[in-house]
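Enquirer: I have a structure here, written as structure tokens, and I will follow up with some questions on it.
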């Protein structure tokens, strides 16, 4: 019926062997569902055909029963006409007998058709049960396939994440962090050392000037006072 039926008819060890060799279980499951849908179409077609036979046999039964009733009425009518003198008694008996024989044949046909109808009805019920079962299984397996696909995605993502995590060596990571920490501390110490060197490189004169103020300004003030005194002395000489 489908790949599932073929697999399940194998022995348990053979089933495990076949399943282990499946390269893509999802694709195989999808193919199995497609096969089941084809089987469902075949069952629906067979169901329609058997139902048609059942309907036809029911109509044929009704027709044969009507024919049997008509032949009986005709036989009675022939006998009545013979009694009224409309037809000869011998001819009426002959025709009435033929009508009754036809009635018997129609009744026999009706009985045979009734047996056929019972058989067709049983076939219809079986096919309807098969269709119902197939539809239920297809719906169930389609839902399971959706779940399986989702689980495959989660499993794949988890596997990749775990694989990446497994490839990371914690000792190497700690060692790398320690080396980075050591390098940062070294850079900080080096920066502080350059700062100290910069401070030490200032001249003694700069330190002295910083300590006593601005010596250049004091020297200029003294020179200005001396120049003014010299000019005043020279002015006195010119007066004398």
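Enquirer: Please verify whether the stretch 124-144 includes one or more residues that are farther than 25 Å from residue 33 by Cβ, surrounded by 12 or more Cβ atoms within 10 Å (Cβ to Cβ) and in contact (Cβ under 8 Å) with a residue 12 or more places away in the chain.
Expert: Scanning the stretch 124-144, I find at least one residue that is farther than 25 Å from residue 33 by Cβ, surrounded by 12 or more Cβ atoms within 10 Å (Cβ to Cβ) and in contact (Cβ under 8 Å) with a residue 12 or more places away in the chain, so the answer is yes.
Enquirer: Sticking with this one: What number goes with the only condition from (1) buried (at least 16 other Cβ atoms within 10 Å of the Cβ); (2) within 30 Å of residue 106 (Cα to Cα); (3) at pLDDT below 90 that residue 33 does not pass?
Expert: (2)
The values are calculated or read from the model by the stated rules, or taken from the named source; none is laboratory data. Since this is a predicted model, take the numbers as computed values, not measurements. Cβ coordinates were reconstructed from backbone atoms using ideal geometry, including for glycine residues, and neighbour counts include every protein chain displayed.
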